[in-house]
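Novice: Structure below; questions to follow.
The values are calculated or read from the model by the stated rules, or taken from the named source; none is laboratory data. Because the structure is a prediction, the values reported are computed rather than measured. Note: ideal-geometry Cβ built from the backbone for every residue, glycine included; neighbour counts use all protein chains shown. Note: areas computed on protein heavy atoms with side chains; ligands, DNA, RNA excluded. Shrake-Rupley method; radii C 1.70, N 1.55, O 1.52, S 1.80 Å.
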Amino acid sequence: MRLLLIAALALIPAAALLAQARAPHVKRSNPPALSKPTGYTHVVEVTGPSKTIYIAGQIAFDKDGNLVGAGDMKAQAEQVFKNLQAALTSAGATFSDVVKMNTFITDMDKAPVVREVRARYFGDTTPASTLVQVVHLARPELMLEIELIAVVAAQ
């Protein structure tokens, strides 16, 4: 009996390490009681050990702080998603790790252009999303700002 107790106590730390090394589980779902979404997921659940990454709103500035695409929503969207990709990469994440996206746009009529660019980066792995039209952003020439939340395995 004593030998069994010692063996069990020795295995507890190993079991704890295995549990911590397990990657988080991300479940995306669209409940049938909600409308069918286009380009996003209604509910994203994360369970297990994870690291949460918060990406501040990205705008159409290049790495030197210069505006890309003045007056051109597609060019601004391209730059915003390049910036988001760089931010995710720096934190060890990809677009498939994104669980929430908040988009702020100054002209809702331009949303299809943003969706087109977004679809190339996300593919079929879409996050829970919110799209809001705003009067203006931090600077008048900015047309789009996007912030993300991503989840990866805890290190």
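Novice: I'd like the full set of residues that are open to solvent by less than 20 Å² (accessible area, probe 1.4 Å) and over 16 Å from residue 60 (Cα atoms), limited to region 127-155. Please lay out each step first, then the result.
Specialist: The initial filter retains those residues of region 127-155 that are open to solvent by less than 20 Å² (accessible area, probe 1.4 Å), namely 127-128, 142, 144, 146, 148, 150-152.
Across region 127-155, the qualifying residues are 127, 128, 150, 151, 152.
Novice: Take the conditions open to solvent by less than 30 Å² (accessible area, probe 1.4 Å), among the hydroxyl-bearing types (Ser, Thr, Tyr), at negative phi and not in a strand (DSSP E or B) and apply them to residue 103. Does it pass?
Specialist: Values: open to solvent by less than 30 Å² (accessible area, probe 1.4 Å): yes; among the hydroxyl-bearing types (Ser, Thr, Tyr): yes; at negative phi: yes; not in a strand (DSSP E or B): no.
Spelling it out, it is not the case that residue 103 is open to solvent by less than 30 Å² (accessible area, probe 1.4 Å), among the hydroxyl-bearing types (Ser, Thr, Tyr), at negative phi and not in a strand (DSSP E or B).
Novice: Does any residue in region 29-41 that is open to solvent by 80 Å² or more (accessible area, probe 1.4 Å) come within less than 9 Å, Cβ to Cβ, of a residue that is among the charged types (D, E, K, R) six or more places away or on a different chain, and which pairs are these?
Specialist: Listed by first residue and then by second, the contacts come to 38/115.
Novice: Note down all Cβ pairs under 8 Å where the first residue falls in region 47-74 and is within 20 Å of residue 116 (Cβ to Cβ), the second is part of a helix (DSSP H, G or I) and open to solvent by 70 Å² or more (accessible area, probe 1.4 Å), and they're at least six residues apart or on different chains.
Specialist: Every condition considered, the pairs that remain are 73/110; 74/116.
Novice: From the list 36, 74, 110, exactly one residue is part of a loop (DSSP other than H, G, I, E, B) and not hydroxyl-bearing (Ser, Thr, Tyr). Which is it?
Specialist: Working: 74 fails: part of a loop (DSSP other than H, G, I, E, B); 110 fails: part of a loop (DSSP other than H, G, I, E, B).
Testing whether each residue is part of a loop (DSSP other than H, G, I, E, B) and not hydroxyl-bearing (Ser, Thr, Tyr) leaves just 36.
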